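S.K.: The structure follows.
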Amino acid sequence: MREKLQRFGGAMFTPVLLFAFSGIMVALSLMLNNPDMVGGIANEGTVWHAIWSIVEDGAWTVFNQMEILFVIGIALGLAKKANARAVMEALVIYFTFNYFLSSILEFFGPTFGVDVTADVGGTSGLKLIAGIKTLDTGIIGAILISGLAVWLHNRFFDTKLPEWLGIFQGSSFVVIIGFFTMLPVAVLVAWIWPVIQSGIESMQHLMVSSGTLGVWLYTFLERLLIPTGLHHFIYTPFIFGPAAVEGGIVTAFMENLSTFANSTQPLKELFPAGGFALHGNSKMFATPGIALAFYFTAKKENRKKVAALVIPATLTAVLAGITEPLEFTFLFVAPVLFVIHSLLAATMAATMYVFGVVGDMGGGLIEIASKNWIPLFNSHGSVYIIQILIGLTFTCIYFFLFRYLIVKFNFLTPGRSDDQGPKLYRKSDYKAKQQAKNDSSSQYKVQAEVFLTALGGKENIETINNCATRLRVSVQNPTLVKDDTAFKEGGAHGVVRNKNAIQVIVGLSVAQVREQFEKLTENKT
């Protein structure tokens, strides 16, 4: 079951990767269209205002179509074969479901306690999805329907029909079954979802009323569950779903950014739900302290190599918000440090929340600055100064505490081992670099070949998936999987093993490595 949940988490991350750039562009557009920040050139009716309004409308694309993007992402990530066809089938089945649901509400809305004549949004519980007025099931509905569509695809795509029915084979057969499946599903959703919406509202009130404790627990679990891949199930309902605020924190914060910029009322009062999106602060402030602790506890003769290892990983974490390369560096040699990291990250977020820091701060410095500091500093600069001071204080806490624990318990973090220093450059790296001069994909191909061999060969591979930094593979026989050293020859940062489920920590190029990996396994017989 955990393996399946991990695969869902990885599949959900596919559309999530699109949100950072879109959020930056929305924030930039709002900032450059704010007369208080750029002057009269941004007044309504000017060419400048029109240009940046157009840019803003385009930047809202992924936020306005989140459900459809998650339908696509789930199908891409979970289909075991013919992924492109699975995406088409999932979209058709999802649209069919919403058309059924819309029609059911039109005729029997009062029976289910739904006023279909109400305007979409607000407390109506309705939303326009691909032009269909239907219940706002959000990404939860998208994930459930897409997941069901993928199951139908995996189960029926290869079904052989009689020759005279051959036109209905493959995708057509999956969509046909999906059509008849969606009718009872739509009835069930029309009956159950209004009750769930009421429950979500109650949960929202409970979480918001939990205040600092709720923020602490949320951030602690979001960090702690990273090794399992289940952290997606902690932050997704808050960041992109209605657990804390209608439409999700990302969308709600962007929609009200202009209001926040023009108000001197404390941000915590304007947007209390933003306390559940402070986990990016640990990416920005914790990682430098951890990296410095690694550097100063390494043997002197290894410190240059340690610096070459941790500086790129730290910059990736601070700027882009991708922390796994650094976190996985110490997770397996000193797991207690990861638990302490989770506790400190939660305490940092809770402390900031106490001092009034809220917003959309789930990413790294670039995202946090563009979506929070730059557009809102004029009216809320004092709270951001407090945020930075608290963050830098925790950077020092991380450094001194990690340094003490590493020395006290002799954790073999990078550069401390007697028989092996930090291994940065390998023969396979050099080979890949040389080949890459003529073929841009060869570097990833070399890595994929190394990983495939280490995983016991293509006959041992059952399923392939990935998230932001990890290649997730299910193998038939885990005893054929080699030790971590074999994977590190291909540039892996580490390996997570859970029976038949293997996670290879690749880094930000995991999508390209997966593509080459799949090509190597296509001819499996």
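S.K.: Tell me, what is the FRET efficiency for ASN410 and THR61 to the nearest 0.05, using R0 = 51 angstrom and their Cβ-Cβ distance as r?
M.R.: Values: r = 52 Å, r/R0 = 1.02.
The value I calculate is 0.50.
S.K.: OK, next. For a quick protection proxy, order the peptides 264-270, 443-449, 280-286, 512-518 by their average other-Cβ count within 10 Å, most packed first.
M.R.: Details: 264-270: 13.6, 443-449: 22.1, 280-286: 25.6, 512-518: 19.4.
Top to bottom by mean Cβ count within 10 Å: 280-286, 443-449, 512-518, 264-270.
S.K.: Please compute the length gained on full extension between VAL187 and LEU319, using 0.36 nm multiplied by the number of residues separating them and subtracting their Cα-Cα distance.
M.R.: Length gained, VAL187 through LEU319: 42.9 nm.
S.K.: May I ask you to derive the FRET efficiency for LYS81 and LEU213 from their Cβ-Cβ distance with R0 = 51 Å, giving the value to the nearest 0.05?
M.R.: Step by step, r from the Cβ atoms, then E = 0.65.
S.K.: Quick one: Cα centre-to-centre distance for the stretch 37-114 and the stretch 369-389, in angstrom?
M.R.: The stretch 37-114 and the stretch 369-389 have Cα centres separated by 30 Å.
S.K.: Count the net charge of all other residues whose Cβ sits under 12 Å from the Cβ of TRP193, scoring Lys and Arg as +1 and Asp and Glu as -1.
M.R.: Every neighbour counted, the sum reads 0.
S.K.: Please compare each pair in LYS499/LYS519; LYS305/LYS499; LYS81/LYS519 to a cut-off of 23 Å on the Cα-Cα distance and tell me which ones are over it.
M.R.: Cα-Cα > 23 Å for LYS499/LYS519; LYS305/LYS499; rest within.
S.K.: Still on this model: Which net charge results for the neighbourhood of MET66, defined as the other residues with beta-carbon distances under 15 angstrom from its beta-carbon, given Lys and Arg at +1 and Asp and Glu at -1?
M.R.: -4
S.K.: Right, next: Holding the Cα-Cα limit at 22 Å, pick out from LYS445/LYS488; LYS283/LYS408; LYS80/LYS482 the pairs that are longer than that.
M.R.: Beyond 22 Å: LYS283/LYS408; LYS80/LYS482.
S.K.: Rounded, prolate or oblate: which one fits the stretch 249-409, using the alpha carbon gyration tensor with axes a ≥ b ≥ c (rounded when a/c is under 1.5, else prolate when a/b beats b/c, else oblate)?
M.R.: On the way: a/c = 2.54, a/b = 2.20, b/c = 1.16.
Prolate, since a/c reaches 1.5 and a/b exceeds b/c.
S.K.: Something else now. Take the Cα of VAL333, step 7 Å along the line toward its Cβ, and report every residue of the stretch 484-525 whose backbone nitrogen sits under 17 Å from that point.
M.R.: 484-489, 491-496, 505
S.K.: Taking amide H atoms as placed 1.01 Å from N in the peptide plane, list the residues 5 or more away in sequence, or in a different chain, whose amide H sits under 5 Å from that of ILE129.
M.R.: Close amide H contacts, sequence-distant or interchain: THR134.
Any read-out appearing in this document is the output of simple, stated calculations on the displayed coordinates, not a laboratory observation. Predicted model only: the values in this text are computed from it and were never measured. Glycine also receives a Cβ, built like all others from the backbone with ideal geometry; neighbour counts cover every protein chain displayed.
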